[in-house]
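Read through the structure below, which is laid out as structure tokens, and then see the notes.
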Ligand code: FPP
């Protein structure tokens with residue numbers, strides 16, 4: 001924790017327990033420096049470490065980050081291959097660190113389209129951190145909210161067709177059990193960096209009542225201090241979940 005960060009202003013009982021982040025702006029950050037887009041992604045990966053490490057002090061028990069969307073395959077072959085290589089190296093390199101920091105790692109998204117090596121590393125990271133009880137880090141990789149709901153509906157339909165679930169029992173409690181996020185609470189706060197005010201198919205079902213923060217900072221410039229400031233702002237909000245308070 002760098003000196004001077006005012007974490008006292010964050011009340012663990014009112015601060016967000018689950019924060020989800022759309023890490024945007026790596027490309028523009030690199031362009032501003034006359035460097036290739038992947039340079040920005042590498043800088044972005046370094047920020048992930050800093051933000052994950054800041055979670056315990058900030059009372060953030062769950063952190064979910066959007067690393068690669070089902071739409072990101074439309075980028076150039078060079079960028080996609082570079083990102084996949086970055087993910088492989090990142091997971092391989094960080095696994096021991098996660099264990100040391102008591103971080104439990106999970107992945108959400110559609111895995112079959114990812115290469116075998118990456119999938120193997122993802123399985124390994126999940127297995128190695130299964131016993132960790134600190135921050136729950138969920139990395140969304142080849143993830144899309146609509147894709148997730150579609151895959152969930154296919155599994156649910158199979159259970160109905162094979163008699164394990166009655167159509168009348170499909171409700172707001174049973175459906176989320178089929179989502180990739182079934183073991184996670186819903187996010188309280190969704191942050192998007194880089195000045196874009198869109199949710200881009202991220203956690204569509206889960207964010208129904210989340211608060212949103214859209215900030216101009218590009219992801220590689222997003223520091224733990226900026227994160228702390230955003231969380232302070234969250235504590236001051238009055239979340240009513242559709243109800244009226246006096
Ligand atoms: C969006 O910026 C960012 C991505 C599509 C990739 C996110 C990946 C990282 C932050 C890298 C590391 C993550 C992990 C988990 C190792 P953009 O490329 O759309 O930026 P732009 O909008 O400025 O072009």
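The values are calculated or read from the model by the stated rules, or taken from the named source; none is laboratory data. Everything numeric here is computed off the predicted structure, so don't read it as measured data. Don't worry about glycine lacking a Cβ; one is built from the backbone with ideal geometry, like all the others, and counts go over all protein chains shown.
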>> Out of the residues in region 227-246 meeting the condition of being surrounded by 12 or more Cβ atoms within 10 Å (Cβ to Cβ) and within 26 Å of residue 108 (Cα to Cα), tell me which one is modelled with the lowest pLDDT.
In response: 234
> Which residue out of 173, 148, 162 is surrounded by 21 or more Cβ atoms within 10 Å (Cβ to Cβ) and either more than 24 Å from residue 47 (Cβ to Cβ) or more than 16 Å from the chain's Cα centre (by Cα) (or both)?
Replying inline: 148
>> Can you pull out every residue in region 47-93 that is within 12 Å of the ligand (Cβ to nearest atom), assigned to a helix (DSSP H, G or I), touching a strand residue (DSSP E or B) at 6+ places or on another chain (Cβ under 9 Å) and within 26 Å of residue 230 (Cα to Cα)?
In response: 48, 51, 52
> Of the residues 35, 106, which is in contact (Cβ under 8 Å) with a residue 60 or more places away in the chain, away from the ligand (no atom under 11 Å from the Cβ) and farther than 18 Å from residue 229 by Cα?
Replying inline: 106
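Out of 183, 190, I need the residue that is more than 13 Å from the ligand (Cβ to nearest atom), in contact (Cβ under 8 Å) with a residue 40 or more places away in the chain, surrounded by fewer than 17 Cβ atoms within 10 Å (Cβ to Cβ) and closer than 26 Å to residue 104 by Cβ. Which one? Give the steps one after another, and end with the answer.
Values: 190 fails: surrounded by fewer than 17 Cβ atoms within 10 Å (Cβ to Cβ).
The match here is 183.
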> Would you pick out the residues in region 135-182 that are over 25 Å from residue 119 (Cβ atoms) and in a loop (DSSP other than H, G, I, E, B)?
Replying inline: 162, 163, 164, 165, 166, 170, 171, 172, 173, 174
